[in-house]
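The values are calculated or read from the model by the stated rules, or taken from the named source; none is laboratory data. Keep in mind that what you see is a predicted model, and the values were worked out from it rather than measured. Here the Cβ is made from the backbone with ideal geometry for all residues, glycine too, and neighbour counts use every protein chain on show.
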Amino acid sequence: MVKLTKRPEPPQPITREKHYRDNPNFEALVEDCHRKCYICENDKATTFNIEHRIPHHGDDTLKYDWNNLFLSCGHCNSIKGDKYDDILDPTACEPENSISLSMNMDSLIEYVEVCVLSNDKSAKQTAALLSLVYNGGTTAMKEVECAVLRNAISKCVASFLQHVEGHRSESDVGYGKIIKEELSRASPFAAFKRGIVRDDAELTAKFGEFIA
């Protein structure tokens, strides 16, 4: 999860569910969320939903609140449901200051390390959600979905690390430019790549301004 900047108002007023599921509001929401799930950051999901960050429980004020609407993949939407009512608002804070994500590819079974950097309740709840999203499906089907998601993250991280090694070599042929693009919050799984730079003093010195 990374910080998002949403337009202050939807293109058209929202008074019914149809109003945020159809264009132009839907497309505006997709663009504001960088065309990826705001929770797991997957941009290749086969199913996307409109997610209410704060479960509305039938309350129209929350249901039609533009600031409460985000783009979510089907995997994350079904895991979160209405069980998490106080996760971080990526439009109001910098999630990377509260949670760090890294892909552990050294173990027999790859898994995502989710570390809480804050005692804030929202940070802890978000970390619990992300742990389930990346590592622990509640059903056999969810386990498969988690494995597919981790595989996508692993490939993305491995590719990024190759760019880093290419940049560090004397034969850098544009890797620096690629790294800068990959550190954009609009990039898929950006939190993982930005975390790699943040945890490496040499990379931070060279690319720190792109994760500030």
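Structure summary
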quantity: Every residue from the range 37-55 that is surrounded by 15 or more Cβ atoms within 10 Å (Cβ to Cβ), in contact with a helix residue (DSSP H, G or I) (Cβ under 9 Å, 6 or more places away or on another chain) and either part of a loop (DSSP other than H, G, I, E, B) or among the aromatic types (Phe, Trp, Tyr) (or both); calculated: CYS37, TYR38, ILE39, CYS40, GLU41, ASN42, ALA45, PHE48, ARG53, ILE54, PRO55
quantity: Failed item in (1) at pLDDT 95 or above; (2) closer than 27 Å to TYR20 by Cβ, with THR46 passing the rest; calculated: (1)
quantity: Unique residue being outside any helix (DSSP H, G or I), loosely packed, with under 15 Cβ neighbours inside 10 Å and either touching a residue at least 40 places away in the same chain (Cβ under 8 Å) or more than 22 Å from the chain's Cα centre (by Cα) (or both) when the list is GLU165, GLU202, GLU170; calculated: GLU170
quantity: Selection within the range 12-36 - surrounded by 14 or more Cβ atoms within 10 Å (Cβ to Cβ), in a loop (DSSP other than H, G, I, E, B) and over 16 Å from the mean Cα position of the chain (by Cα); calculated: ILE14
quantity: Filter result for the condition that a residue is crowded, with 19+ Cβ neighbours inside 10 Å, touching a Lys or Arg at 6+ places or on another chain (Cβ under 9 Å) and of a type in the set (A, V, I, L, M, F, W, C), over PHE210, PHE189; calculated: PHE189
quantity: Among (1) within 19 Å of LYS3 (Cα to Cα); (2) surrounded by fewer than 19 Cβ atoms within 10 Å (Cβ to Cβ) - the single one ILE87 does not satisfy; calculated: (2)
